[in-house]
Protein chains: 2
Amino acid sequence: MTRPSELTRERIVKAAERLFAERGYDGTSIRAIVAKARVNQAAINYHFNGKDGLYREVLLGAFRSLTEHQLARAAETHEMPRELALAAFIHRQLRPLLARDEASRHIRIFNWETVRPTAVFRRLLTEQSAPFMGMATDLVRRFLPEADHRTLVVAAIWLIGQCSVFVRNREQLASAPVLLALDESSVEWLAETLTGWTIGGLRPRG
Amino acid sequence: MTRPSELTRERIVKAAERLFAERGYDGTSIRAIVAKARVNQAAINYHFNGKDGLYREVLLGAFRSLTEHQLARAAETHEMPRELALAAFIHRQLRPLLARDEASRHIRIFNWETVRPTAVFRRLLTEQSAPFMGMATDLVRRFLPEADHRTLVVAAIWLIGQCSVFVRNREQLASAPVLLALDESSVEWLAETLTGWTIGGLRPRG
DNA sequence: TGACAATTCAAACGATAGTTTGAAAAATAG
DNA sequence: CTATTTTTCAAACTATCGTTTGAATTGTCA
């Protein structure tokens, strides 16, 4: 077996990830991808069996990267007091607000999927979302020790949603009329504010 | 001036709204629209000056309908105790979970826009989102009477985000592995649960 | 009714989409 | 070096896209 084509594959995946994140699956043409990657047009079919196969590759990478960012800290989070663990979780979820990096692109790809889920994505989700959801569920369980399963799941989604609304809409929120500041200290303050509200919400009350 | 074409316009807008909601702007072809509306292909250019013009029409209608859905109740909400007002707001925001109706389609069209905002939408947002955001801000202000402007805006977004994460991802959440039930009583319970957590979060604590 | 504007229609336009082709080039194995 | 496989390449293929065209039809007003 001979494999001198790894470079070409990597260039294609890298270019495709950027374009899929920016324009979505339908909005990205393979001609745009090969132009950015500076490879021949037929290379995508040769290496990935078409546009679908390439998209699957990109989606897998995005999913791994996004969940691993949290899951890598799952163990140490579990050792912290629940309030600190929650703060750390929220802080990490808000991280794409600051970084115009790979993570932002991955979030963007997922945003496309929430409006028009592809078959590839659906399968990926049912196969691989369990660890991440489990981490969020474990976290809220420490605040709601007697809640039933449904309540815990909803609380986990609630927690994730509080963060994702800012991440997802960061471009709109940063411009008029909201003009939300997104520098490091502002995001820090945002994370702390959200943490406070979340703890208050999950705290038992009479 | 002669105007026997209102029927054609309405059929086109109605068909386009459904298709744009389901597939987004790029994913909807004018051939699909005219097939669904059962009008001639050139009718879209004749009546709306092209696909862009038609989309603008649909977007305007969606925006009006959605904001009016909440804003129509703004006055009466203001007369209610703050806890009940918040519950009513959340309940209305979660409504698309139940109804496969016009409002649900309009929310879906907006979901497309958060991924790839069109110029039309950006303008619409800066022009007309103020009343809606103002309503949400007024609502949270009743819980945070001494908060500064930034905190109030973030709280309003936080409130909206808590609801939208369920609406936006309803299809994924309803299927495995989450299997969130979306019948009437379940949504009722969800609204009450979210209301409780939100009140708890915004309530002052020592 | 006749003249004219508004509306509908089938057909075609140019552009771009994803994919396929078959040969040239490069890399590997014997 | 030779034989063989892997990889690249330019070009073409088929399908669909949004839009335009110009004639036919319909509706309105004088």
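The values are calculated or read from the model by the stated rules, or taken from the named source; none is laboratory data. Remember, it's a predicted structure, so these values are computed and weren't measured experimentally. Ideal geometry is used to build each Cβ from the backbone, glycine not excepted, and the neighbour counts take in all protein chains shown. These accessible areas exclude ligands, DNA and RNA; they are computed on the full protein's heavy atoms, side chains included. Shrake-Rupley method; radii C 1.70, N 1.55, O 1.52, S 1.80 Å.
Remarks
- Condition check for A:Arg142: over 27 Å from A:Glu22 (Cβ atoms) and in contact (Cβ under 8 Å) with a residue 12 or more places away in the chain: yes
- Unique residue being assigned to a loop (DSSP other than H, G, I, E, B) and β-branched (Val, Ile, Thr) when the list is A:Val178, A:Val165: A:Val178
- Condition check for B:Ala156: small (Gly, Ala, Ser), surrounded by 21 or more Cβ atoms within 10 Å (Cβ to Cβ) and in contact with a Ser or Thr (Cβ under 6 Å, 6 or more places away or on another chain): yes
- For segment B:181-206, filtering for residues that are over 24 Å from A:Arg203 (Cβ atoms) and assigned to a loop (DSSP other than H, G, I, E, B) leaves 3.
- Picking from residues in segment A:144-178 that are among the polar types (S, T, N, Q) and modelled with pLDDT of 90 or more, the one that is nearest to B:Gln128 (Cα to Cα) is A:Gln162.
- If only residues of segment A:1-29 that are open to solvent by less than 40 Å² (accessible area, probe 1.4 Å) and within 14 Å of another protein chain (Cβ to nearest Cβ) are counted, the one that is nearest to DNA strand C (Cβ to nearest atom) is A:Thr28.
- Scanning segment B:111-129 for residues that are surrounded by 19 or more Cβ atoms within 10 Å (Cβ to Cβ) and closer than 12 Å to B:Arg64 by Cα gives B:Leu124, B:Leu125.
- A:Ala75 being without any contact (Cβ under 8 Å) to a residue 40 or more places away in the chain, more than 14 Å from chain B (Cβ to nearest Cβ) and within 24 Å of A:Ala62 (Cα to Cα): yes
- Cβ-Cβ under 8 Å pairs, at least 6 apart or on other chains, segment A:30-54 side within 8 Å of DNA strand C (Cβ to nearest atom), far side outside any helix (DSSP H, G or I) and of a type in the set (S, T, N, Q): A:Ile30/A:Gln41; A:Arg31/A:Gln41
- Cβ pairs under 6 Å, 6+ apart, first in segment B:98-117 and more than 21 Å from B:Asp26 (Cα to Cα) and away from every other protein chain (no Cβ under 13 Å), second assigned to a helix (DSSP H, G or I) and modelled with pLDDT of 80 or more: B:Leu98/B:Val187; B:Ala103/B:Pro96
- The single condition among (1) surrounded by 20 or more Cβ atoms within 10 Å (Cβ to Cβ); (2) modelled with pLDDT of 95 or more; (3) at the interface with another protein chain (Cβ under 8 Å from one of its Cβ atoms) that A:Val140 does not satisfy is (3).
- Residues of segment A:170-206 satisfying the condition of being within 13 Å of B:Thr151 (Cα to Cα), in contact with a helix residue (DSSP H, G or I) (Cβ under 7 Å, 6 or more places away or on another chain) and within 9 Å of chain B (Cβ to nearest Cβ): A:Val178, A:Leu180, A:Leu190, A:Thr193, A:Leu194, A:Trp197
- Within segment B:160-179, residues that are without any contact (Cβ under 8 Å) to a residue 24 or more places away in the chain reach partners that are outside any helix (DSSP H, G or I) and not basic (Lys, Arg) with beta carbons closer than 7 Å, at six or more positions or on different chains, in the pairs B:Glu171/A:Pro117; B:Gln172/A:Pro117; B:Leu173/B:Leu180; B:Ala174/B:Leu180; B:Ala174/B:Leu182; B:Pro177/A:Ser129.
- Which listed residue, of B:Ala32, B:Ala16, is of a type in the set (A, V, I, L, M) and within 8 Å of DNA strand D (Cβ to nearest atom): B:Ala32
- Evaluation of B:Ala42 against the conditions (1) under 30 Å from A:Thr28 (Cβ atoms); (2) more than 8 Å from DNA strand D (Cβ to nearest atom); (3) not polar (S, T, N, Q) shows that the sole unmet condition is (2).
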